[in-house]
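Colleague: Below is one structure. I have some questions about it.
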Amino acid sequence: KNMQLIVRSAAGDKTVTLSEACTLKQLKMVVENETFIPSAQQALVAEDELLVDEEATCEELGLFEGMEVELLLDVEGGAKGDSRYKKATSKFRWKWNKKRTRRLQKKRRKMRMRAR
């Protein structure tokens, strides 16, 4: 039995038709034919869950007729380990907040002095 899935990507929405017995690998191939994005770089998300098992069928993955699947690019890179450019963790955020509070207090004090 055939079913249609809506594949949402940054380029726009595409509708793909495939069988329910189709595996994730085959789904990625169909999406590759539609969007020209290599299947190795595709990350498919259905109902906020990343689809990873390449050999699982659409039925096993919980995909059904008319369902929306989001296509993301599986990009390598990002902050690995300790990087000095890494986003501040909550451990360091208190320090930033303290500094900001002090700066604002100083600014208000200055404005109050000017108003006198």
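The values are calculated or read from the model by the stated rules, or taken from the named source; none is laboratory data. Note that the structure is a prediction, hence the values are computed from the model and not measured. Every residue, glycine among them, receives a Cβ derived from its backbone with ideal geometry; neighbour counts consider all protein chains shown. Quick note on the areas: whole protein, heavy atoms, side chains included, nothing else; ligands and nucleic acids left out. Shrake-Rupley method; radii C 1.70, N 1.55, O 1.52, S 1.80 Å.
Colleague: Tally time: how many residues in the range 46-66 are closer than 15 Å to VAL16 by Cα and open to solvent by less than 80 Å² (accessible area, probe 1.4 Å)?
Modeller: 4
Colleague: Here's something else I'd like to know. Do the conditions hold for LEU5, that is, is it part of a loop (DSSP other than H, G, I, E, B), over 18 Å from VAL75 (Cβ atoms) and open to solvent by less than 30 Å² (accessible area, probe 1.4 Å)?
Modeller: Answer is no for this residue.
Colleague: Could you check the range 37-56 and list, in sequence order, the residues that are part of a strand (DSSP E or B) and not charged (D, E, K, R)?
Modeller: Across the range 37-56, the qualifying residues are GLN42, ALA43, LEU44, VAL45, ALA46, LEU50.
Colleague: Hey, can you tell me all the residues within the range 10-46 that are over 17 Å from ASP74 (Cα atoms) and of a type in the set (Ser, Thr, Tyr)?
Modeller: Result: THR15, THR17, SER19, THR23.
Colleague: Residues being without any contact (Cβ under 8 Å) to a residue 12 or more places away in the chain and either open to solvent by 80 Å² or more (accessible area, probe 1.4 Å) or of a type in the set (Val, Ile, Thr) (or both): count how many of those fall in the range 29-39.
Modeller: The qualifying residues number 3.
Colleague: Looking only at residues that are touching an Asp or Glu at 6+ places or on another chain (Cβ under 7 Å) and closer than 14 Å to GLU68 by Cα in the range 8-23, which one is least open to solvent (accessible area, probe 1.4 Å)?
Modeller: VAL16
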